[in-house]
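Asks: Input: one structure, supplied below.
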Amino acid sequence: MRTALDCLFSPGADTIPQVWAGRTAQLSDWRDVVRPRRVAGLPERGRTILGEAGLGKSALVRRIARDAAASGDWVTPQLRVPSGSDPLMILARALLSLADQAGLPSSREKRIGDQLRRVETVAAGGISVTLHGQPGPEPFTAMADLLVQIGQAGLRQGDTAVLIHLDEVQNINDADALSQLLIVFGDALAHEIAATAPGGMEFIRSLPIAVYLTGLPDFAEAAGADKGATFTRRFRTTILAPLDDEDLASALQPFVTDGWPVPDDEGGIGRVRMTPDARDAILRACGGEPFLFQLAGEQAWYADGSDVITRDHVLAGWQIARPEAAAHVERILQRLPGREREFLEAMSGLAPEDRTLTRIAAEMGYPRASNAGPTSQRLDSMRGIIARGKPYAFRHRAVEAYLTTGWPDLT
Ligand SMILES: Nc1ncnc2c1ncn2[C@@H]1O[C@H](COP(=O)(O)OP(=O)(O)O)[C@@H](O)[C@H]1O
Ligand SMILES: [Mg+2]
């Protein structure tokens, strides 16, 4: 019954996994705060969701967007910014397609026609070719205006939110492009219009526009540097942590209790089960890391064709997954600046109770604890890899396992 065709786990990037765990705070932030507030006309900042690769940033916002689209909101697809590309061009294209959805091209207002044309130029050639020699407002102003029009159309439609998801934002390495992009979003999010309440009372409201930016933690620095003002006033940043074991266990619980329904060989529905010790082995293998969770699940699935996933299947599958699992964590470490990596190595060389800033700094060969201060701060508040408690501890449990144990070896 367990075949490649019905495998429920998906370690590949950019899908919404069927076996979904946790992230309830972030899902409810959209459902209970961001969306209702923006739709009611109340100010609410955009959201930036950052974290190391594999923590589930893209999947999270894809899921938010899928749920929003299902309930009638206008959403962009996940707009990935490849490195070296022009993010304004990518956004311009997305705005044009939202404008289509909002029915703006059929508007007879000249202003809207002009805005659409200006944004079309950006979509076709990027901001650099449109910057010079054109009369009228800057292209990014036209983009902000068009986004405002789309928001107003959503309002007319009745409680329709407009959701923009820009992914891999750490790849925006042109400071001007970043600044203009933040202005487009910032202006549209802050835009206020006069509205009339059902009783006839006038009030000022914001538009039902929401923006999610996702990417690696380095983005916070780029955006915070000189654009600090716009960025922190208009966006709230969350650093994703690994998933809790309880959340992962509940995600797997349907396998353990009733079995997960999958098509069987005879055109009916069968059920795939999992023993409790198989579930626990998956939890141990992945250390709360969503990518590794899917990888462990996938390989356990493939390890055998029967309808019960056992601990032996998980261990056999993990043998196959090991090189990829190790490479995944190694990539996270390799991407870190040298000092941060050295810090983590020094920290992991100490017994857990000895992991104080003083001891770690000494291990690194610094005369004073304060020399390692900025590095520890970045690893904590910017990247979420460690927590500077008493003593310091790892937050990223897969990184911890890699540095301090024989992981990915599970025995
Ligand atoms: N909440 C979750 N529960 C289970 N699996 C998840 C969850 N979030 C992400 N994943 C899985 O983890 C992997 C990495 O997710 P992805 O969103 O691509 O990470 P990121 O964008 O942070 O690099 C994907 O295979 C995805 O299916
Ligand atoms: Mg991603």
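Read-outs throughout are calculated quantities, based only on the coordinates presented, and are distinct from any laboratory measurement. Nothing here was measured: the structure is a model prediction, and the numbers come from that model. Cβ sites come from the backbone with ideal geometry, for glycine too, and all protein chains shown count toward neighbours.
Asks: Between Rg and the Kirkwood Rh of segment 133-266, both from Cα atoms, what is the Rg to Rh ratio? Write out the running numbers ahead of the final one.
Replies: Values: Rg = 21.2 Å, Rh = 18.5 Å.
Result: Rg/Rh = 1.15.
Asks: Tell me which of 15, 189, 78 sits at the most positive position along the dipole axis of the chain, charges placed on C-beta atoms (Lys, Arg +1; Asp, Glu -1).
Replies: Checked the options; the winner is 189.
Asks: Further question: Taking the Cβ of residue 169 as the center, what net charge do the other residues with Cβ under 11 Å away carry, scoring Lys and Arg +1 and Asp and Glu -1?
Replies: Result for the local shell: -1.
Asks: Here's something else I'd like to know. Using Cβ counts within 10 Å as a stand-in for footprinting exposure, how do 189, 336 rank, fewest first? Spell out each step's value before the answer.
Replies: Numbers: 189 24, 336 20.
Least to most surrounded, the residues fall as 336, 189.
Asks: Would you tally the net charge around residue 407, using a Cβ to Cβ cut-off of less than 14 Å, leaving residue 407 out, and scoring K and R as +1, D and E as -1?
Replies: Local net charge: -2.
Asks: Here's another thing I want to ask about it. Under 5 Å between amide hydrogens, which residues at least 5 positions from residue 271 or on another chain qualify, with H placed 1.01 Å from N in the peptide plane?
Replies: Excluding prolines and chain starts, which carry no amide H, the hits are 262.
Asks: 222 nm [θ] for the chain, helices only, -39500 (n - 2.57) per DSSP H run of 4+, per residue, to 500?
Replies: Helices in the chain give a 222 nm mean residue ellipticity of -15500 deg cm²/dmol.
Asks: Continuing with the same structure: Per 0.36 nm of contour for each residue apart, how much would the distance between residue 354 and residue 42 grow if the chain were fully extended, relative to their Cα-Cα spacing?
Replies: 107.5 nm
Asks: Please report the Cα spread of segment 245-326 along all three principal axes, rounded to whole Å, starting with the longest.
Replies: 39, 26, 19
Asks: Scan the chain and report its longest stretch carrying no GluC sites (Glu not before Pro) that are both in a DSSP loop and have at most 14 other Cβ atoms within 10 Å.
Replies: Longest stretch, sites excluded: 110-265.
Asks: So for 257, 238, fewest C-beta neighbours within 10 Å to most, what's the order? Walk me through the intermediate numbers first.
Replies: Values: 257 10, 238 16.
Result, fewest neighbours first: 257, 238.
Asks: Which value, to two decimals, describes the C-alpha radius of gyration of the chain once divided by 2.2 N^0.38 Å?
Replies: Values: Rg = 24.2 Å, N = 411, 2.2 N^0.38 = 21.7 Å.
After normalising by residue count via 2.2 N^0.38 Å, the value is 1.12.
Asks: For the chain, set up a Gaussian network in which alpha carbons nearer than 10 Å are linked by springs, and say which option among 332, 282, 49 fluctuates the most.
Replies: Judging by the Gaussian network model, the answer is 332.
Asks: For every other residue with a beta carbon closer than 12 angstrom to the beta carbon of residue 125, add +1 if it is Lys or Arg and -1 if Asp or Glu, then tell me the sum.
Replies: Local charge sum for residue 125: 0.
Asks: Which FRET efficiency, nearest 0.05, do residue 201 and residue 390 yield, Cβ-Cβ r, R0 45 Å?
Replies: 0.25
Asks: If you stretched the chain out fully between residue 176 and residue 85, how much longer would it get, using 0.36 nm times the residue separation minus the C-alpha to C-alpha distance? Walk me through the intermediate numbers first.
Replies: Details: separation 91, 0.36 × 91 = 32.76 nm, distance 1.30 nm.
Result for the pair: 31.5 nm of gain on full extension.
Asks: Treat the count of other C-beta atoms within 10 Å as a stand-in for reagent exposure and order 117, 234 from fewest to most.
Replies: Lowest to highest Cβ neighbour count: 117, 234.
Asks: For all pairs of alpha-carbon atoms in segment 24-239, what percent lies in each bin of width 5 Å, listed from the first bin to the last filled one?
Replies: Computed distribution, short to long bins: 1, 7, 16, 20, 21, 17, 11, 5, 2, 1, 0.
Asks: With each pseudo-label sitting 7 Å past Cα toward Cβ, what's the residue 233-residue 277 distance in nm, one decimal?
Replies: 6.1
Asks: Using modelled backbone amide H atoms (1.01 Å from N, in-plane), which distant-in-sequence or interchain residues come within less than 5 Å of residue 236's amide H?
Replies: Excluding prolines and chain starts, which carry no amide H, the hits are 46, 47, 48.
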